[in-house]
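The values are calculated or read from the model by the stated rules, or taken from the named source; none is laboratory data. This structure is a prediction, so every number in the text was calculated from the model and none was measured. No Cβ is skipped: glycine too gets one built from the backbone with ideal geometry, and neighbour counts run over all protein chains shown.
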Amino acid sequence: MSMFGTMKDKLFRIKSNLTSLDSQPISKASLIIILFLDLFILISIFDGLEKHTRQLSSPDDYIPYSCREIVINRDWNPTNRTDNLSNIILSYNNYYYQIEEKKKGRHPVCAPYLDLLDQMKNDRELTVFFEDRSRFDHEAKDLQREINNLKGGYDTSLLETIARQKEGQANVDSIKKDIQEKSSALNTLRAQIEALEQKINGSEKVRLLWEKLETLPAVDREKLKADLRTLYFWYPVKRLGMQMIFLVPLFAVFYLWNTASIRRNRGIQVLVSSHLLVVSFIPVFFKIIETVYDIIPKKMLKKLIDLLESLKLVALWHYLVIALAIAAALFVIYLFQKKLFSREKLMERRIAKGLCQQCGKHLPPGSNACPFCGFAQFKTCGACDQATPVYGKYCRACGKEQ
């Protein structure tokens, strides 16, 4: 027997174990119970898998976002460093998931900066300075926009007044007064912002952070970049290993239970263990596919696109996508036409519903031929000489394959 034949027989046995009990189809009530059990077990597996995998430090845990902002992503200088630091500190108050960054296993380059950030975010007085500064800064920007708009209106009104020989002078004076008031308020806000920045920069923690930034070796920045690339490459493999530590023992237990139940012919246990075996295989299959995609296609596609861009042949990528879409469509059509809606399946449905095997129209009771297309519905079985449907796979009288 061919490999495909053996696989087909195995799949048929699995299907039989999933849908029957003691060689009889399971009742709808039993099917509902077993499906609810499947759903509960599947949810429990994915929930436990997520909690188990969380124990593994991810690249985002080892080199957190805030460390990348300071060391890798931004070249901080005296002009922008207070704004950048404010964004990081305030993010801890706005987003819960950033408050609880994992402290274990931090990268050695990141550790000193992250320790300082932890001290800053827990310093309530310093946090208030950042919050007030951020609020005043937004108010100052809004005022500046209003002043710019008023200045545009003032210039226009002034030109119109001159053209009309001083008509509308009151409107010009009103706009001028409004600009002066807003400019005064803007200067007050800027003074408050400057005072807050002095308090922020006067903090021992902030001064120490600026000192570390000024003395940050370029080799540390490059090392962090290289380590981050390595982490992202190997993390999917480590994550899969962590996931398999959780999933494989569970799958093995269900497999052994299923095997023992089949060998001892325990019908109910065969049914339940078969379902649990399939349910436990689902996350194993999907996690392997996820890892393969993360390691191979995603990285290969990125390198391929980079190569095509460097050669100015990026259009070839679109040709490849079009070709893959056509191939996928052909495969889906083949799957539907040859497997799900094949002629054999069509004949089975027509015979089961009492339809004409040729044209598909409903036959009157007791018809040997179709009154619409004239097709004879029965032939003589070669084994028992009894009438059997022309396209039936087995004889309806003796059960022999036709």
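When each of 360, 374, 392 is tested for being surrounded by fewer than 12 Cβ atoms within 10 Å (Cβ to Cβ) and not hydrophobic (A, V, I, L, M, F, W, C), the lone residue that passes is 374.
Looking across segment 136-151 at every residue that is modelled with pLDDT of 85 or more and among the aliphatic types (A, V, I, L, M), the one that is nearest to residue 195 (Cα to Cα) is identified as 140.
Among the candidates 250, 271, the residue that is touching a residue at least 60 places away in the same chain (Cβ under 8 Å), farther than 13 Å from residue 17 by Cβ, touching a Ser or Thr at 6+ places or on another chain (Cβ under 8 Å) and assigned by TED's automatic domain parsing to the domain that holds residue 40 is uniquely 250. Output the residue which, of all residues in segment 40-57 that are among the hydroxyl-bearing types (Ser, Thr, Tyr) and buried (at least 16 other Cβ atoms within 10 Å of the Cβ), is farthest from residue 284 (Cα to Cα). My answer is 57. Residue count for segment 351-388 satisfying the condition of being under 51 Å from the mean Cα position of the chain (by Cα) and either in contact (Cβ under 8 Å) with a residue 12 or more places away in the chain or part of a loop (DSSP other than H, G, I, E, B) (or both): 9. Among the candidates 185, 195, the residue that is at pLDDT 90 or above, more than 44 Å from the chain's Cα centre (by Cα), more than 30 Å from residue 61 (Cβ to Cβ) and surrounded by 12 or more Cβ atoms within 10 Å (Cβ to Cβ) is uniquely 195.
Are any residues in segment 216-245 outside the structural domain of residue 113 (by TED's automatic domain parsing), touching a helix residue (DSSP H, G or I) at 6+ places or on another chain (Cβ under 8 Å) and either of a type in the set (Phe, Trp, Tyr) or not in a helix (DSSP H, G or I) (or both), and if so, which ones? Answer for segment 216-245, where residues must be outside the structural domain of residue 113 (by TED's automatic domain parsing), touching a helix residue (DSSP H, G or I) at 6+ places or on another chain (Cβ under 8 Å) and either of a type in the set (Phe, Trp, Tyr) or not in a helix (DSSP H, G or I) (or both): 232, 233, 235. Residues that are among the aliphatic types (A, V, I, L, M) and surrounded by fewer than 11 Cβ atoms within 10 Å (Cβ to Cβ) occur in segment 279-290; there is at least one. The set of residues from segment 390-402 being without any contact (Cβ under 8 Å) to a residue 40 or more places away in the chain and not hydrophobic (A, V, I, L, M, F, W, C) comprises 394, 396, 399, 400, 401, 402. Contact map, segment 199-223: first residue hydroxyl-bearing (Ser, Thr, Tyr), second residue part of a helix (DSSP H, G or I), Cβ cut-off under 7 Å, separation 6 or more or different chains; pairs are 203/126. For segment 254-268, name all the residues that are under 20 Å from residue 35 (Cα atoms) and either part of a helix (DSSP H, G or I) or not assigned by TED's automatic domain parsing to the domain that holds residue 38 (or both). Those that are under 20 Å from residue 35 (Cα atoms) and either part of a helix (DSSP H, G or I) or not assigned by TED's automatic domain parsing to the domain that holds residue 38 (or both): 254, 255, 257, 258, 261, 267, 268. For residue 159, the conditions (1) among the hydrophobic types (A, V, I, L, M, F, W, C); (2) at pLDDT 85 or above; (3) surrounded by fewer than 12 Cβ atoms within 10 Å (Cβ to Cβ) are fulfilled apart from (2). Listed conditions (1) of a type outside the set (A, V, I, L, M); (2) outside any helix (DSSP H, G or I); (3) under 26 Å from the mean Cα position of the chain (by Cα) are all met by residue 285, apart from (2).
Per-residue answers, yes or no, for (1) at pLDDT below 85; (2) within 30 Å of residue 232 (Cα to Cα); (3) touching a Cys at 6+ places or on another chain (Cβ under 7 Å):
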position: 333; (1), (2), (3): yes, no, no
position: 358; (1), (2), (3): no, no, yes
position: 370; (1), (2), (3): no, no, yes
position: 378; (1), (2), (3): no, no, no
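Among the residues making up segment 18-36, those that are part of a helix (DSSP H, G or I) and either more than 20 Å from residue 259 (Cα to Cα) or at pLDDT below 70 (or both) are 28, 29, 30, 31, 32, 33, 35, 36. Total residues in segment 36-87 satisfying the condition of being under 30 Å from residue 219 (Cβ atoms) and among the charged types (D, E, K, R): the figure is 8.
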